[in-house]
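Working notes, beginning with the structure itself.
The values are calculated or read from the model by the stated rules, or taken from the named source; none is laboratory data. All values derive from a computational prediction rather than experimental measurement. Cβ atoms come from the backbone with ideal geometry, glycine included; neighbour counts cover every protein chain shown.
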Amino acid sequence: MEENYKPTIRSSRVSNNEIVIMLESVSIAELMRMDELAEQLKQDLNITNLVPPIFWFSRIKATTEGRGDGTVLMTELCRICDEYSITVVDALNPYGQRGLADLIRFNQKFGFVLYGESLMIRFPKVI
């Protein structure tokens, strides 16, 4: 990690249909509301406590890996999701130097639970 680098949030936008968090480094997390997934996931995965609002990761991208951008993005996302009682669904897609096992471990640090081989869900924490 660069000695003086500290990931900083540039902007954070939450609406009924999307969540966008951008850092000064232009690293970004974008999620879209997908409530229609609830019934399908309930049936496919037998998850009875899956209730809207449900947001799906469109993308999360750190411009440079290993500097802490992803951690800052996920920390802010979890804060928002807990505040607004939002459930997040992430179909993991390995990229860069991050393999599937790395992404699973990373998401688990933020309270995501693995379903199947690569689908992770984070339920909001009561605050």
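Yes or no: the range 16-36 includes at least one residue that is among the small types (Gly, Ala, Ser) and exposed (fewer than 13 other Cβ atoms within 10 Å of the Cβ). No, the range 16-36 has no match at all.
Within the range 107-118, take every residue that is modelled with pLDDT of 95 or more and of a type outside the set (S, T, N, Q) and give me the one that is surrounded by the most Cβ atoms within 10 Å (Cβ to Cβ).
At the first step, the residues of the range 107-118 found to be modelled with pLDDT of 95 or more are 107-114.
Right, trim to of a type outside the set (S, T, N, Q) and you get 109-114.
Numbers: Lys109: 11, Phe110: 17, Gly111: 17, Phe112: 22, Val113: 12, Leu114: 13.
Among them, the one singled out is Phe112.
Does the range 70-79 contain any residue that is loosely packed, with under 15 Cβ neighbours inside 10 Å, at positive phi and not polar (S, T, N, Q)?
Going through the range 70-79, the residues loosely packed, with under 15 Cβ neighbours inside 10 Å turn out to be 71, 79.
Now restrict to residues that are at positive phi: none.
Within the range 70-79, none of the residues are loosely packed, with under 15 Cβ neighbours inside 10 Å, at positive phi and not polar (S, T, N, Q).
Contact annotation: residue pairs with Cβ atoms under 9 Å, 6 or more positions apart or on different chains, pairing a residue in the range 29-48 that is assigned to a helix (DSSP H, G or I) with a partner that is modelled with pLDDT under 90 and aliphatic (A, V, I, L, M), are Leu37/Leu50; Ala38/Ile47; Ala38/Leu50; Ala38/Val51; Glu39/Leu50; Leu41/Ile47; Leu41/Leu50; Lys42/Leu50.
Which one is nearest to the chain's Cα centre (by Cα), of the residues in the range 1-14 that are under 16 Å from Ala62 (Cα atoms), part of a strand (DSSP E or B) and touching a residue at least 24 places away in the same chain (Cβ under 8 Å)? If we take residues in the range 1-14 being under 16 Å from Ala62 (Cα atoms), part of a strand (DSSP E or B) and touching a residue at least 24 places away in the same chain (Cβ under 8 Å), then Ser12 is nearest to the chain's Cα centre (by Cα).
Every residue, every condition in (1) in contact with a helix residue (DSSP H, G or I) (Cβ under 8 Å, 6 or more places away or on another chain); (2) among the aliphatic types (A, V, I, L, M), yes or no:
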| position | (1), (2) |
| --- | --- |
| Ala62 | yes, yes |
| Asp69 | no, no |
| Val72 | no, yes |
| Cys78 | no, no |
| Tyr84 | no, no |
| Gly99 | no, no |
| Phe110 | yes, no |
| Val113 | no, yes |
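In the range 49-123, counting only strands (runs of 3 or more DSSP E) that sit wholly within it, the ones holding 2 or more residues that are under 11 Å from the mean Cα position of the chain (by Cα) span 54-61, 87-91, 119-122.
Would you confirm, using the coordinates I've provided, whether Asn17 is farther than 17 Å from Tyr84 by Cβ and either free of Cβ contacts under 8 Å to residues at least 24 places away in the same chain or within 16 Å of the chain's Cα centre (by Cα) (or both)? It would help to see each step written out before you state the result.
Details: farther than 17 Å from Tyr84 by Cβ: no; either free of Cβ contacts under 8 Å to residues at least 24 places away in the same chain or within 16 Å of the chain's Cα centre (by Cα) (or both): yes.
So Asn17 fails the test.
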